[in-house]
Amino acid sequence: MHAFPICTERMELIPATVKLYLLDLHDRAGLATALNASVPGEWPPEQITSEVIEEFLKLMRAGDRKIWSFYWLAQPDDCDPNVLIGSGGFLASAKGSLELGYSVLPTYQQQGYATEAVRSMVEWAFSALRIDHIIAYTYPHLIASIRVLEKNGFTFAGNGPEEGTITYELRNRHKN
C-alpha cells in the first residue's frame, strides 16, 4: 500500500481515523497530542461542523470504506511544531467516482496550501484507489476554491446537485 503520512513540499497529510475524529469533537488537547501538532484556536474550519464530523464517523464505522480523509499539518520553516491548518478527502459516489472536499483555516488561505494538498490527495487517490474520475462541488462565488480545482486540472462540468452549486471534474489521464 502507500506510505502515510502523505508528504508534500510544506505539509504532512495524516489519514483521519475514528480516534482522531473523536478527539477533534471532544478533546482539542488530545487531538494536538495525537497529531503531534499545534491546533489553532480557530480550528475547525467553518465548513467542518460537528455534524459533518459525525457523518464522517458514521461512514468510517460502517466498515465498507466510503471515505478517505486527511488532516493537513503545515511544517513551519523554523523548529516550531507542525500546525493543523486544514483537512480534506474523498467520499465514494454511487457512480464509481470520488467526491473531493477540502477546507483551510482562514489564516492559511491564499498561500497555496489547498492547491498543494489537493494535488497530493488526487495523486494518491488515482494511484492507491485506482479510480479514474474525481468530482468536486463548489459555489460560483468561491473563486479561490475554483482556482484550487483549476490549478489541479479540474474542469467545469455544469450545475451541481444542490441549488446554486457547480461541478468540476478530473479524469485520470494516466490510467491504463
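The values are calculated or read from the model by the stated rules, or taken from the named source; none is laboratory data. All values derive from a computational prediction rather than experimental measurement. Heads up, the Cβs are rebuilt from the backbone with ideal geometry, glycines too, and the neighbour counts pull from every protein chain shown. Note: areas computed on protein heavy atoms with side chains; ligands, DNA, RNA excluded. Shrake-Rupley method; radii C 1.70, N 1.55, O 1.52, S 1.80 Å.
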Please determine, by comparing only the residues of the stretch 116-135 that are within 11 Å of the chain's Cα centre (by Cα) and closer than 24 Å to G158 by Cβ, which one is most open to solvent (accessible area, probe 1.4 Å).
R119
Among the listed residues L35, L31, L73, which satisfies the condition of being over 15 Å from the mean Cα position of the chain (by Cα) and closer than 21 Å to W124 by Cα?
L35
Identify, please: which residue in the stretch 158-171 is open to solvent by less than 50 Å² (accessible area, probe 1.4 Å) and either part of a strand (DSSP E or B) or in contact with a Lys or Arg (Cβ under 9 Å, 6 or more places away or on another chain) (or both) and is, among those, farthest from F70 (Cα to Cα)?
G158
One residue from L84, L105, L91, L170 being more than 17 Å from P45 (Cα to Cα) and either polar (S, T, N, Q) or modelled with pLDDT of 95 or more (or both)
L170
